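So the structure is just underneath, and the comments pick up after that.
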Amino acid sequence: PALTYLLISGFCYMPVEVALMARLELFMQDPSVSMATVITIFLLTTGVGSLTHRRLLALVPMRAFPFVVAALVLAVIPLLGLVLEHLVGLPLIARLLVVLVLTFPIGTALGAFYPWLVGRLVATDHGANVPITYGISTLASVIGASFAMTMMIPWGFTRLLLLGAAGYAVLGALVLVHAVVLRRPLFRG
């Protein structure tokens, strides 16, 4: 289960980030500014999510959390259209704030997945496996980024975001099956 969790969460992170970055190029009026803005915001907000993951998951337990993330990703799709239609003429600082508002909830939520897994592994006496989780998560992210960059043109931004949302829904189903159907912790000794 830990391997599947890491592969799904690491892979799906990247189509969401890459699609947002690419979709916001027109809004930011420069590909470099879009890339720098979205990457910076994602790094900062996933850090916030990692730092606050216990609080986030106290509000929304992990068995529901991936579904909330999927909903956040789905919700940003029409918002991106509205932003591109109505707010392109804003000054740069205002556009930066709009991108922050659009991406903050998703980035923060995405930051909670990895520390939750590490906490579960440590709590279930699998702490010795924690170092390899970083490698697996990174590998999944590299594959996800490569996939997203390759499929962006033939699929488009929306399909990549839909793929990310679907992946988090699948992850939610995995967690839910363990919590409700199997009635056992996701990771046990």
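Before moving on, here are some points about what is shown:
- Selection count, the stretch 81-117, where residues are open to solvent by 20 Å² or more (accessible area, probe 1.4 Å) and more than 21 Å from Met35 (Cβ to Cβ): 7
- Scanning the stretch 26-64 for residues being more than 18 Å from Val83 (Cβ to Cβ) and not in a helix (DSSP H, G or I) gives a total of 6.
- Out of Thr158, Thr133, Thr108, Thr124, one residue alone is of a type in the set (Ser, Thr, Tyr) and in contact with a Lys or Arg (Cβ under 8 Å, 6 or more places away or on another chain). It is Thr124.
- Scanning the stretch 121-137 for residues that are outside any loop (DSSP other than H, G, I, E, B) and open to solvent by 60 Å² or more (accessible area, probe 1.4 Å) yields Val122, Ala123, Ala128, Asn129, Pro131, Ile132, Tyr134.
- When residues in the stretch 26-46 are screened for being open to solvent by 60 Å² or more (accessible area, probe 1.4 Å) and polar (S, T, N, Q), 3 of them pass.
The values are calculated or read from the model by the stated rules, or taken from the named source; none is laboratory data. From a predicted model like this one, the values you see are computed outputs, not experimental measurements. Cβ sites come from the backbone with ideal geometry, for glycine too, and all protein chains shown count toward neighbours. All accessible areas refer to the heavy atoms of the entire protein, side chains included, with ligands and DNA or RNA removed. Shrake-Rupley method; radii C 1.70, N 1.55, O 1.52, S 1.80 Å.
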